[in-house]
Amino acid sequence: MGAPTIMIRDLRKKFGDQEVLKGVTFDILAGKINFLIGRSGEGKTVALKHLTGLMTADSGEIWFDDLEINQATRSQLDHLRLKMGLLFQDGALFDSLSVGENVAFPLWFHRKAKPKIAQAKADKLLAELGLEGSASRRVVSLSTGERKRVALARALIMDPEILFFDEPTTGLDPLLSAQVDELIGQIQKNTGATVVVISHDIAATLTLADQVSMIHDGRIIASSTPAALRANEEPNVRMFLAGENA
Amino acid sequence: MSSNPVTKLVAFCGRIVLSSVFHLGHYSLLSIRALVLAILPPWRIRSIFRQMELVGVNSLFVVILTGLFTGAVFTLQVIYGFRRFSAESMVGPTVATAMTRELGPVLTALMVTGRVGSAMAAELSAMKVTEQIDALNVMGADPVKYLITPRILAAIVMLPLLTAVADAVGVIGGYLVAIGKGLDPGQFASRIQDIVVIGDVYNGLIKAAVFGFILASVGCYMGFYTKGGAEGVGHSTTHAVVCAYVAILVGDFVMTAMMF
């Protein structure tokens, strides 16, 4: 089965009096690299948390093929999540586990592989991400870049059909940022997964994305190819692309 | 909004009541869910044993110290009082009854709450603020089953065992003090057998199991629903200890009224 198409329709979310999402509507293309961009505090991460079922919308719909996740049962959601991988902004690695255990955790938890096989797969992924021999290290000993790569290995170990990246290059130096961007491209190419990247990195967006959606003031103000986005005359899009404050 | 002080007071009280009902409801739902998940496979036996080690084995020393000195100081007070009525023969049974019915279960629970309940709250709240709990959710791993159920089960199993140790050590502490104070050793022990009934011990251990449930569930609840960053972790830990202490003491009163 191929990666599902994701449709977001009129998504709304309030925190107290503050309405963060004011009717977000856009599509995520299956088997493509989709960027959701916008300035800090515009609701990108909140939107991502809705997409992964970590938050429930006040109203609106999120469809993964024929499953609307706001109406999904816990077991339907868990089943869907087996197809997902999410790279958190700060990694969200488990401090109590070693690097190898962190990466192998999803396989171990779902009993998808025997411990030795799970560990071998974790070692292989770590090696592919330039962390060969790191399996026994503690999470606290990792640098920011290493944490991101370990978290990426964990997100990939279940061979997900949908991969979410929450600001994958935040806090990384330009060299590491470029490496991570390259990795995202490679992973999508090799796996054919649907990739959703939350970012405010304009260069990466215009280079990597197949489709870009821009969120501003709780609404999607543009959703197009990078080329079409460049030509977009909407003032907030122009200012964001020019790196100015809207 | 009215500036009338009475209205303000009513609104304030209303907010407190609503907040209390909200938290009590959430707490109850979380606890029931954790217990229901305990009987559903797959069972995380290794996680449960790991938590049993943290709750039980690692608390043993502090529980022994608490039991020993509680038994000892209680005996000192009882000897002082009973000598006035020439009732020294009742010192042993009094100490044993107090330890098994009340002091053993309650003080063990309070000590373990301070040591383990706070640690549970701190660990879970740190996991919450660093998105580790979200990570579990996204991986399709139910955090209640993975994090909370083993902790509650471990506390329910280990608190009675720790209490049994505290009871025994407390009586030994009392015995040593009684001998030091010139009481007849045989009388101290034999009168315990005559007066203390097995129901005293059982009921104390049942109380301990309930206290174990309270300390773990409150600690986990506070940690699981932490908001904010490092400050939130601190608040959760403090609230977990205070709420668990209060719940244990109130629960002790209710259970004592029902059992004895």
In the structure shown, of A:22/A:189; A:32/B:128; A:121/A:189, the pairs separated by more than 26 angstrom at the C-alpha atoms are A:22/A:189; A:32/B:128
Rounded to the nearest Å, the spacing of the alpha-carbon centers of the range A:1-63 and the range B:194-227 is 44
Out of B:197, B:254, B:242 - ranked by how far each Cα lies towards the positive end of the dipole of the range B:45-259, with unit charges on the beta-carbon of charged residues - the top one is B:197
Placing one equal point scatterer on each C-alpha of the range B:140-207 and summing with Debye, one gets log10 I(q)/I(0) at q = 0.12, 0.24, 0.28 Å⁻¹ equal to -0.50, -1.04, -1.16
Quick P(r) readout (the protein assembly as shown; Cα-Cα; 20 Å bins; whole %) gives 20, 42, 26, 11, 2, 0
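Ranked highest first by the average count of other Cβ atoms within 10 Å around their residues, in what order do A:191-199, B:210-218, A:213-221 fall?
Peptide ranking by packing, descending: B:210-218, A:191-199, A:213-221.
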For the range B:8-20, in residue order, the Karplus 3J(HN,Hα) values (coefficients 6.51, -1.76, 1.60; θ = phi - 60°; whole Hz; Gly and Pro = x) are 4, 5, 4, 4, 4, 5, x, 4, 5, 5, 4, 5, 5
For chain A, longest principal axis from Cα atoms; helix A:99-109 axis from its Cα atoms; angle between them, nearest 10 degrees, is 80
HN-Hα couplings for the range A:69-80 via Karplus (6.51, -1.76, 1.60; θ = phi - 60°), in whole Hz with x for Gly/Pro, come out as 6, 5, 9, 6, 6, 4, 6, 5, 5, 4, 5, 5
With the full set of protein chains present, the residues of the range A:91-110 whose 1.4 Å probe accessible area falls by 30 Å² or more relative to the chain alone are A:92, A:94, A:105, A:108, A:109, A:110
Given A:153-166, A:38-51, the highest-first ranking by average Cβ count within 10 Å works out to A:153-166, A:38-51
Along the range A:130-138, Karplus-curve 3J(HN,Hα) (6.51, -1.76, 1.60; θ = phi - 60°) to the nearest Hz, with x for Gly and Pro, reads x, 10, 4, x, 9, 4, 8, 5, 7
Shape descriptor, the range A:153-219: equivalent ellipsoid semi-axes (Cα gyration tensor, sqrt 5λ, whole Å, largest first) stand at 19, 16, 11
Descending packing, highest mean Cβ count within 10 Å first, for B:58-64, B:92-98 is B:92-98, B:58-64
Under 5 Å from the placed amide H of residue A:86, counting only residues 5+ away or on other chains, we find A:164
Once accessible area is computed for A alone, B alone and the pair with a 1.4 Å probe, the total buried surface, to the nearest 100 Å², works out to 1900
One point scatterer per Cα, no solvent, Debye formula: log10 I(q)/I(0) for the range B:45-259 at q = 0.09, 0.12, 0.13 Å⁻¹ comes out as -0.41, -0.65, -0.73
With all protein chains in place and a 1.4 Å probe, residue B:239 shows an accessible area in Å² (nearest 10) of 90
Of every hundred units of 1.4 Å-probe accessible area on the protein assembly as shown, the number belonging to carbon and sulfur atoms, as a percent, is 62
Shielding of A:151-157 by other chains, given as the mean Cβ count within 10 Å, works out to 1
Per-residue ellipticity at 222 nm attributable to helices in chain B (runs of n ≥ 4 DSSP H, -39500 (n - 2.57) apiece, nearest 500 deg cm²/dmol) works out to -27000 deg cm²/dmol
Rg from C-alpha atoms of chain A, normalised by the globular rule of thumb 2.2 N^0.38 Å, equals 1.01
Heads up, the range B:70-185 by the C-alpha gyration tensor (a ≥ b ≥ c square roots of eigenvalues; a/c under 1.5 rounded, else a/b over b/c prolate, else oblate) looks prolate
For residue A:35, the residues 5 or more places away or on another chain with a placed amide H closer than 5 Å to its own amide H are A:197, A:210, A:211, A:212, A:213
Of all DSSP beta bridges with both partners in the protein assembly as shown, the antiparallel percent, nearest 5, is 55
Sorted by chain and number, the residues with a modelled amide H under 5 Å from that of residue A:20, at a separation of 5 or more or across chains, are A:13, A:14, A:15
Shielding of B:126-133 by other chains, given as the mean Cβ count within 10 Å, works out to 4
Each label sits 7 Å from Cα toward the beta-carbon; between residue B:4 and residue B:19 the label points are separated, in nm, by 2.4
From most to least accessible, 1.4 Å probe, no ligand or DNA/RNA atoms counted, B:118, B:125 line up as B:118, B:125
Over chain A, the sum of -39500 (n - 2.57) across DSSP H runs of at least four, divided by residue number and rounded to 500 deg cm²/dmol, gives at 222 nm -11000 deg cm²/dmol
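The values are calculated or read from the model by the stated rules, or taken from the named source; none is laboratory data. In this text, all values refer to a predicted model and were calculated from it rather than measured experimentally. Positions of Cβ are generated from backbone atoms using ideal geometry, with glycine treated the same way; all protein chains shown enter the neighbour counts. Note: accessible area is taken over every heavy atom of the protein model, side chains too, but ligands, DNA and RNA are not part of it. Shrake-Rupley method; radii C 1.70, N 1.55, O 1.52, S 1.80 Å.
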